[in-house]
Amino acid sequence: MNPVALSLWLALLLAVAALSVAARRIHMPAPMLMLLAGVGVSFIPGAPTVALEPEAVFLLLLPPILYSSGVGMSWRGFRYNLRPILLLAVGCVAFTAVAVTTAMHFALGMPWTVGLVLGAVVAPPDAVAPMAIARRLGLPRRLTTILEGESLVNDASALVLFSFAVAAVGGATLTVSDAVLQFSAIVAGELAWGVAVGAAMLRLRHLANDPRAEVLLALATPFIAFWPPHFVHASGVVACVAAGLYVSWNGRSLIRPDTRLQGFFIWSLATWVIEALLFLLTGLQAHAVIEGLAGHGIVRALWAGAIVSVTVIVMRFVWVYPATYLPRLIPAIRRVDPMPNWRSPFMIAFTGLRGVVSLAAALSIPVTINGAPFPERDIVLAATFIVIAVTLLGLGSTMPTVIRWLGLARAGQVEAEVARQEERNVRVEAINAALAALDVEPPPAPAHVLEHLRRHHAERKTHLSEGPANPDALRIDLITVERAAVSRAYVENRLTDEARRRIERELDLELARIREALTFSGNGS
């Protein structure tokens, strides 16, 4: 492989690490800093050009993110919020695409079919940056579930619409009814394939009974779900998400604890690197996008970017409020899902940030079609980049202020405290069940062992009931003391390397458990 290319990728990974640390220090969402840094570097004279290959994004980078989002999504929450999720992921995407098409045709004279291509490209919001902010500030759970659910489905609806629009530019004719039928067939087929892949891979992992093999099979799952539909000209997105949701719901009984521990770390690292790289690479395309325009094309591109940015922001608000309140005029819906106040819909409408999927779709527009240059391709690409920058930096930078102004952070904190109390109650119930089992059907073990188990579970129960006044902070200090003692024994050559690593792993697991408990009790940062 080219040493220059290897050095460039190494530099990108080091930049991701440095920018992530910097973002944490300055309390700025990492995706925004990645994008800004990429834009800045792209305009440095002599800086190497880093091309973002759309096919690589779709085939290598997008599947793990979609699948891990599906696994992390609550199937119960997704199913309960299916109506608002679909209204956003399908209804709002189509509404936004049509609005952008109309605005570009009447404002700049862009052909209807090309305008629809641009509308499909910028229609799907990206949830990476909003979710990072939402989790840090503690938005109410239902809001985050709806936004995450929308991001899982909207890429599929937008990419299918995008493929129809590109075909229309090439002269294909497709009626609305044909498009709806094709879309329904694609969704149904991908749902079936995704569930089948999720079920087969889960059972294969269970049969493997080897944590490393299971994690490797888990890493392969998103690509097995995504690639076949993609190669037959579907999207692959729905299949990938369906596989993740299936694993999320059914993995509880088939994935072993040691596999979960290893898989959690590996998936967390993989998705963090991929998401950061995508935003950094998006920023690095800025110079190439500007170079693709010449003379008056720059002015037209700026106008296009401004018009589309205003359109996607305004049209999301126009869609969200009727989609929130009109269904609740039906008594059956209103009984189970009462009318919310205006704040929640406002927050959902405000989080219409665009991201790397939009840029990848724009880059995948063919240079030529039917032997002729694709009409206004550079304008579409430039407008897409401007929309990403405006929404990510403009809306994203003000999101914390808006969340606090709406009072949603306080509502999220109250909800989280109620959830922590319920979690504490369930933990106590589980311990009581274990203690009852020791009394009713004691296992065949010596009396002193049974007494030790009773005392251990009783201490855990007491620890939970203590709440904020627990001794976890002191336990962290004691683990530090233990580490120092182990280190001294190792230096004195009284401990082998293998034994030292085993002890360190036990202490690491205990420290991780304590820190998780601190987060659960509200004492963590």
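The values are calculated or read from the model by the stated rules, or taken from the named source; none is laboratory data. Worth saying up front: this structure is predicted, and the values here are computed from it rather than measured. Note: ideal-geometry Cβ built from the backbone for every residue, glycine included; neighbour counts use all protein chains shown. Side chains included, ligands, DNA and RNA excluded: accessible areas come from the protein's heavy atoms. Shrake-Rupley method; radii C 1.70, N 1.55, O 1.52, S 1.80 Å.
Ranking His452, His233 from most to least accessible surface, computed with a 1.4 Å probe over the protein chains only, gives His233, His452.
Expressed in nm², what is the orientationally averaged projection area of the convex hull enclosing the Cα positions of region 132-260? For region 132-260, the mean projected area of the Cα convex hull comes to 10.1 nm². Overall shape of region 241-303 was characterised from the C-alpha gyration tensor. The equivalent ellipsoid obtained from it has semi-axes of 44, 14, 6 Å, in decreasing order. Here each label is just a point 7 Å from Cα along the line to Cβ, and for Arg513 and Asp178 those points are 6.3 nm apart.
Annotation: Leu6 carries an accessible surface of approximately 90 Å², with a 1.4 Å probe and no ligand, DNA or RNA atoms counted. Candidates Ile307, Gly297, Ser177 compared by Cα position along the dipole of the chain: farthest toward the positive end lies Ile307, with charges placed on Cβ. Scanning residues 5 or more positions from Ile369 or on other chains, those with amide H under 5 Å from its amide H are Phe374, with H placed 1.01 Å from N in the peptide plane.
Where does the chain land on Rg(C-alpha)/(2.2 N^0.38 Å)?
Against the compact-globule rule of thumb, the ratio is 1.09.
Counting only alpha carbon atoms, the long axis of helix 128-137 and the longest principal axis of the chain meet at about 40°.
Per-peptide packing, taken as the mean over residues of other Cβ atoms within 10 Å, places 117-123, 371-377 in the sequence 117-123, 371-377 from highest down. Using a Förster radius of 30 Å, what is the FRET efficiency between Leu13 and Glu482 based on their Cβ-Cβ separation? Nearest 0.05, please. For Leu13 and Glu482, the calculated efficiency is 0.30. Placing dummy labels 7 Å off each Cα toward the beta-carbon, the span from Leu219 to Glu415 is 3.5 nm.
Taken over the Cα atoms of region 315-354, the convex hull encloses 62 Å³ per residue. For region 179-323, a Kirkwood radius taken over Cα pairs fed into Stokes-Einstein (20 °C, viscosity 1.002 mPa s) yields D = 114 µm²/s.
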